[in-house]
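Peer 1: Take this structure, written in structure tokens, and hold onto it; I'll ask about it next.
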Amino acid sequence: MKRWALLLGLIVVTAVGGLAVWHQTNRVQFIQTLCEAGLPNLSRPRVIEADQLGCTVLGPKQTLTGYVSTAFEHSSLIVGAEIVLGRNGFENESAWFSGTEGLDQRGGEDLHKVLEIRRPGLCGSRLAKVTVEGWMTASPGGFGHLNLANREFYAYRIVSATAPSTAALVPFQYGTAPHWPAETVAFCRDRERPDFEGF
């Protein structure tokens, strides 16, 4: 009887140890595999609905500074106090920007007020400089509209939201990045007319 108890204890310790090593070496795959097997998503905070997150694994809560850019079917967090422009656009890390339940009571209303203001040169987009607390996805995959974003950021709290400075607007203005096609510039000019009735 003692041998069976010892053997069972050894099996349990080995299994738990193996799971702990798996979690340490590949946390994302570990959590995702358990979730896909029917267990709850161990990375999901309570302010995000289970069906909204599914088995997408989130990283730890963090505070980031950057810019929130919104437009028709577009919502991005561009990370970094300074925007770095390369040949193909922004080189900064970016993610689809989503709010969590109750965000309006945790600074979201301040963000909405800044985003309500139209600023010329942004091709109809809205822009705010932010410091935001929340979770970035750790799972690979497409997020946001048409699954075009590589990551998604779930905002828990807007620490601050302010209008970008004139200098900070420049990288976001159409025609400033290299190789802007003439038809895109014309489209943006059209969108910024006061009588524009599209999105």
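Peer 1: Which numbered condition in (1) at pLDDT below 95; (2) surrounded by fewer than 12 Cβ atoms within 10 Å (Cβ to Cβ) is the only one that PHE90 fails?
Peer 2: Of (1) at pLDDT below 95; (2) surrounded by fewer than 12 Cβ atoms within 10 Å (Cβ to Cβ), only one is false for PHE90: (2).
Peer 1: Could you grab the pairs with beta carbons closer than 6 Å, sequence gap of 6+ or different chains, first residue in the range 87-112 and closer than 17 Å to THR131 by Cβ and in contact (Cβ under 8 Å) with a residue 24 or more places away in the chain, second one open to solvent by 90 Å² or more (accessible area, probe 1.4 Å) and in a strand (DSSP E or B)?
Peer 2: ARG106/ARG157; GLY107/ARG157
Peer 1: Answer yes if at least one residue in the range 51-69 is assigned to a strand (DSSP E or B), open to solvent by less than 30 Å² (accessible area, probe 1.4 Å), within 30 Å of GLY124 (Cβ to Cβ) and among the polar types (S, T, N, Q), and no otherwise.
Peer 2: yes
Peer 1: Out of the range 79-128, which residues are assigned to a loop (DSSP other than H, G, I, E, B), out of contact with any Leu (no Cβ under 8 Å at 6 or more places or on another chain) and among the basic types (Lys, Arg)?
Peer 2: Hits for the range 79-128 are ARG87, ARG118.
Peer 1: Let me ask something additional. Across the range 53-96, what is the total count of residues that are acidic (Asp, Glu) and within 22 Å of ILE117 (Cα to Cα)?
Peer 2: So the count comes out to 2.
Peer 1: Quick check on this structure: which one of ALA149, ALA128, ALA155 is modelled with pLDDT of 95 or more, buried (at least 21 other Cβ atoms within 10 Å of the Cβ) and under 29 Å from GLU183 (Cβ atoms)?
Peer 2: ALA128
Peer 1: Just name the residue that is nearest to the chain's Cα centre (by Cα) out of those in the range 151-195 that are among the small types (Gly, Ala, Ser) and part of a loop (DSSP other than H, G, I, E, B).
Peer 2: ALA163
Peer 1: Can you tell me which of LEU148, LEU122 is more than 17 Å from the chain's Cα centre (by Cα) and on the phi < 0 side of the Ramachandran plot?
Peer 2: From the options LEU148, LEU122, the qualifying one is LEU122.
The values are calculated or read from the model by the stated rules, or taken from the named source; none is laboratory data. Just so you know, these numbers come straight off a predicted model, no measurement behind them. We place every Cβ from the backbone using ideal geometry, glycine too, and count neighbours over all the protein chains shown. Note: accessible area is taken over every heavy atom of the protein model, side chains too, but ligands, DNA and RNA are not part of it. Shrake-Rupley method; radii C 1.70, N 1.55, O 1.52, S 1.80 Å.
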